[in-house]
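In what follows, a structure is listed as structure tokens, so that the remarks can point back to it.
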Amino acid sequence: MKTFLIKNAQVVNEGQIFTADVFVQDGRIARIAAELNEPADEVIDATGKYLLPGVIDDQVHFRDPGLKHKADLYTESRAAVAGGVTSFMEMPNTVPNTITQELLEEKYALAAEKSLANYSFFMGATNDNLAEVLLTNPNTVCGIKIFMGSSTGNMLVDEQSTLEQIFEKAQLLIAVHCEDEQTIRDNMTLYEEKYGDAIPVSCHPEIRSEAACFKSSYLATKLAKKYGTRLHILHISTEEELALFQNDIPLAEKKITAELCVHHLYFDKTDYETLGTQIKCNPAIKEARHKKALLEGLLDNRLDIIATDHAPHTWDEKQNIYKKSPSGVPLVQHSLQTMLEFYREGKITLERLVEKMCHAPAICFQVRHRGFIREGYYADLVLVDLNQTETVSKENIYYKCQWSPFEGKTFHSKITHSFVSGHLAYVNGQFNETKLGERLLFDRQKS
């Protein structure tokens, strides 16, 4: 592999910002020092730029296999890398659903052939595949995914006995989508009676309500406490749910953790007026009071991770009426730039941003040798220029679906370089696909 010497970077890592040179060799960070003069195949002058660990996104839907008209591992991993996301963890509600060990390994084989970013895949749970779920290897698979509220796909786990058994017997992290299905169905009935098929999309947060989220998240935390389960609740979207999480112990010691997605932090209910079904997602984007509380929860460590829940659909699919428009928003290319807008507004520091997008996912999932800028770690690195702007347009959107809710927005930052396992995969709009990403591994003890 090529060697690289990154000169004069502002390194953002482990709560500090400092000027340093970084030498990359054999896919790893070989040296970090104030000044280095190692011979290298390529020298990159990073003066005035910030060097971050590559973002680890713990929740994406890349639609491969089976839904490739929406997205696939090739297109979405390229978009991720262009946005500074060098590793992803992908969900099991593809077609077929990833609910056997054989189907899980088939997805890994696909990624090995197509993914420019590093990758892992969740094993999906259903009401009747407990034996398969329990075969999942904690050291080679990111976790088990349970849909405790139905979303895109048909993987709802709603039998109490099944939930109890999974929470009791699983030997690795369980990630859950928490929305109470009966509450949602009851709400939908009320709105159908009022509007028929012409339900306004602005009613989405009342149908997939705060109460639905809290009831399901409360059940998940109750089960986790009962069985000592390692629980990770995805895409927290309400102020009320924050009461379920603690911030009085270090992340590495938490048994129950929580993720916040960028769209629940950036958008609110008023945005349905201009964006409509583009921002229809599950859980729903809700009133502005929630995003204010969620930011506070992120900063005080009740919420641990920032991710995207990247979930693309075609433009035509999303233009359907409310009941027929699928839920999901394409976000992975712009998550880092979105959070850098919060930094620009003084709402989060660069150090905390890196903690929540890079360090915390690595700690939470016990990812091996990634998520930090440390000697000996994989060189998953991102250079960011905070003195450049970039306006989102169809010409620079890399998703297969070719649209984004950020289209027309100007970000006050630009991702200039992305290294994936020591390979310079992206430079200023140009991709180098001569080396693909690697399978993530995890440092966990099997019990």
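The values are calculated or read from the model by the stated rules, or taken from the named source; none is laboratory data. In this text, all values refer to a predicted model and were calculated from it rather than measured experimentally. Counting neighbours? That spans all protein chains shown, and the Cβs are built from the backbone with ideal geometry, glycine included.
Residues that are buried (at least 24 other Cβ atoms within 10 Å of the Cβ) and either at pLDDT below 95 or more than 19 Å from E438 (Cβ to Cβ) (or both) within segment 55-73 comprise Q59, H61, R63, K70, A71, listed in sequence order.
Screening segment 217-253 for residues that are in a helix (DSSP H, G or I), in contact (Cβ under 8 Å) with a residue 40 or more places away in the chain and of a type in the set (A, V, I, L, M) and picking the one that is nearest to H264 (Cα to Cα) gives L242. Taken over segment 396-447, the residue count meeting the criterion of being farther than 30 Å from I174 by Cβ, in a strand (DSSP E or B) and touching a Ser or Thr at 6+ places or on another chain (Cβ under 9 Å) is 10. The residue that is farthest from L441 (Cα to Cα), counting only those in segment 83-131 that are in contact with a Ser or Thr (Cβ under 8 Å, 6 or more places away or on another chain) and among the acidic types (D, E), is D128. Condition check for A311 on (1) within 15 Å of I285 (Cβ to Cβ); (2) over 11 Å from the mean Cα position of the chain (by Cα); (3) small (G, A, S): one failure, at (2). Flag not set for V329, criterion: out of contact with any Phe, Trp or Tyr (no Cβ under 8 Å at 6 or more places or on another chain) and more than 29 Å from G196 (Cβ to Cβ). Filtering segment 103-133 to residues that are more than 27 Å from A82 (Cβ to Cβ) and over 20 Å from the mean Cα position of the chain (by Cα) leaves L103, E105, T126, N127, D128, N129, L130, A131, E132, V133.
A quick yes/no check of all residues on (1) over 30 Å from K255 (Cα atoms); (2) assigned to a helix (DSSP H, G or I):
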{"residue": "I184", "(1), (2)": "no, yes"}
{"residue": "M188", "(1), (2)": "yes, yes"}
{"residue": "Y191", "(1), (2)": "yes, yes"}
{"residue": "A198", "(1), (2)": "yes, no"}
{"residue": "E206", "(1), (2)": "yes, yes"}
{"residue": "A211", "(1), (2)": "no, yes"}
{"residue": "K215", "(1), (2)": "no, yes"}
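Regarding segment 84-91, can at least one residue be identified that is among the polar types (S, T, N, Q) and surrounded by fewer than 24 Cβ atoms within 10 Å (Cβ to Cβ)? Looking for residues that are among the polar types (S, T, N, Q) and surrounded by fewer than 24 Cβ atoms within 10 Å (Cβ to Cβ), one finds none in segment 84-91, hence no.
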